[in-house]
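Derivation of every value follows stated rules applied to the coordinates shown; laboratory data play no part. Everything numeric here is computed off the predicted structure, so don't read it as measured data. When we count neighbours, we look across all protein chains shown, and the Cβ atoms used for this are built from the backbone with ideal geometry, even at glycine.
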Amino acid sequence: MTLARWCYTATLLPNGEVLVAGGNIDGNGDFASSAELYNPASGKFTATDSMTAGRGGHTATLLLNGKVLIAGGLCDTGVLASAELYE
């Protein structure tokens, strides 16, 4: 990964790539808003659009239309009651 993180999600996309989103980045409650795509064929990670909020411990659900719904989790100030759509 381009950024060390844990408590992130990894979602297999219809095109075979894996969306890696969010996560705790330092153990001190700092959460990443960044996301990256992993290409299993090349073994490489590439940065992609960031989320609007840094979050970790969230869910990521692949929808039938190929989009990923990212919901909930923790942020720097507590629990998030929001969701975002990765397209």
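Sort 45, 31 by Cβ crowding within 10 Å, fewest neighbours at the top.
Placing the least packed residue first, the sequence is 45, 31.
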Highest-fluctuation residue, 63, 13, 74 considered, GNM on the chain with Cα pairs under 10 Å: 63
Sequence of 51, 1 once ranked by neighbouring C-beta atoms within 10 Å, starting from the fewest: 1, 51
Segment residue 26-residue 59, length gained on full extension (0.36 nm per residue, minus Cα span): 9.9 nm
Choice from 54, 72, 22 with maximal GNM fluctuation in the chain (Cα, 10 Å cutoff): 72
J(HN,Hα) series, the range 4-14, from Karplus relation 6.51 cos²θ - 1.76 cosθ + 1.60, nearest Hz, glycine and proline x: 5, 7, 9, 6, 9, 10, 10, 10, 6, 8, x
Ranking of 50, 42 by count of other Cβ atoms within 10 Å, fewest first: 42, 50
Per-residue HN-Hα couplings for the range 80-87 [Karplus 6.51, -1.76, 1.60; θ = phi - 60°; Hz; x = Gly/Pro]: 9, 10, 9, 9, 9, 10, 8, 10
